[in-house]
1. Of the residues 130, 152, only one is modelled with pLDDT of 95 or more, more than 27 Å from residue 362 (Cα to Cα) and either surrounded by fewer than 13 Cβ atoms within 10 Å (Cβ to Cβ) or within 22 Å of the chain's Cα centre (by Cα) (or both); which?
2. Can you work out which of the residues in segment 235-257 that are touching a residue at least 40 places away in the same chain (Cβ under 8 Å) and farther than 16 Å from residue 301 by Cβ is surrounded by the most Cβ atoms within 10 Å (Cβ to Cβ)?
3. Could you check how many residues of segment 160-198 are surrounded by fewer than 17 Cβ atoms within 10 Å (Cβ to Cβ) and touching a residue at least 60 places away in the same chain (Cβ under 8 Å)?
4. Can you tell me which condition residue 324 does not meet? The list is (1) over 14 Å from residue 78 (Cβ atoms); (2) free of Cβ contacts under 8 Å to residues at least 40 places away in the same chain, and all the others hold.
5. Of everything in segment 136-145, what is in contact with a helix residue (DSSP H, G or I) (Cβ under 7 Å, 6 or more places away or on another chain) and surrounded by fewer than 19 Cβ atoms within 10 Å (Cβ to Cβ)? Give them in sequence order.
6. Output the number of the condition that residue 99 fails; it satisfies all remaining conditions of (1) touching a helix residue (DSSP H, G or I) at 6+ places or on another chain (Cβ under 9 Å); (2) modelled with pLDDT under 95.
7. Does residue 148 count as without any contact (Cβ under 8 Å) to a residue 24 or more places away in the chain, over 30 Å from residue 191 (Cα atoms) and in contact with a helix residue (DSSP H, G or I) (Cβ under 7 Å, 6 or more places away or on another chain)?
């Protein structure tokens, strides 16, 4: 996701010569505005891949959650698809790698205030709408087996802080949004002094080290802000962005290699846990190979190997990723429960997926963009008023 769904323009003229490990003397100075260059369409394509893999995982690749919706195990309904889509949950790991890359890109030359405002405008309007949809689905189209979240839990979900407030997620996929928020809070620490090559790379090493130390269970707070797997993925994305901006060097290759090693350790352990304790029969080393391929794909972007990808439709597809991720799970399952008895498995899957894509476009076009524009204008008016009052 995440989350992490943002516009990803390249920054023309921002990269230092490839032989330089240090940025210019003014690299850490926050600029009030930045020109936007060509869009990185390859990252849009990867985000679409991640979102569709998560959607197919939820609908066809996890028998424990979907039997109640299809009425039978999806392994029986989709015998050749299930072994593939059962690995679709690892699209989340691709999201986190991209998030590290994109958030570093979007924060460069921004003040902390500009960064926070941009993240708020990007995350919350579509999220609030998805919360409303989820409440309606839980109340109007229940699955008959699960108890609906309480009114208080539903209201708590509007904050996006349901994890620390011990409230239930209205939509299971919301868990990744809390991971993203903790990433933003941590990244603000380095952004506060301004971003440059040295500060960002030192920050990555310290954060990665903290994620290793947390496994000793002696520092509980690090369990929130430095989970080994997620931290390693974010750090990998940041390292690859530094390669994209400044060119690769030995220090960045070392950082990327160290983050991959931390990632693989936690990923294999996590997959083993799911296999033995949760009954999800996925080979840990197939999962590791898949996530490693994700590393290579984002690395190809960082090394400018995919700069020629320029299909304009990918920008539109990329804009649908965040609404689709927010809406697909509970609403999609409700559609499956309603349609399956009339259409059969494959037709239901196709109709549900297409309907969710169309709805995601409608939400982006008529909810997300207008609300972002309104909020942005309102915040700018308030800023001007405060500035005028300070001058007066």
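The values are calculated or read from the model by the stated rules, or taken from the named source; none is laboratory data. For clarity, every value in this text was computed on a predicted model and none was experimentally measured. Heads up, the Cβs are rebuilt from the backbone with ideal geometry, glycines too, and the neighbour counts pull from every protein chain shown.
1. Just one listed residue meets the conditions, 152.
2. Out of the qualifying residues, it is 235.
3. Count: 6.
4. (2)
5. Residues satisfying the conditions are 141, 143, 145.
6. The failed condition is (2).
7. yes
Every residue, every condition in (1) in a helix (DSSP H, G or I); (2) on the phi > 0 side of the Ramachandran plot; (3) in contact with a strand residue (DSSP E or B) (Cβ under 8 Å, 6 or more places away or on another chain), yes or no:
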position: 75; (1), (2), (3): yes, no, no
position: 80; (1), (2), (3): no, no, no
position: 96; (1), (2), (3): yes, no, yes
position: 99; (1), (2), (3): yes, no, yes
position: 106; (1), (2), (3): yes, no, no
position: 116; (1), (2), (3): yes, no, no
position: 148; (1), (2), (3): no, no, no
position: 153; (1), (2), (3): yes, no, no
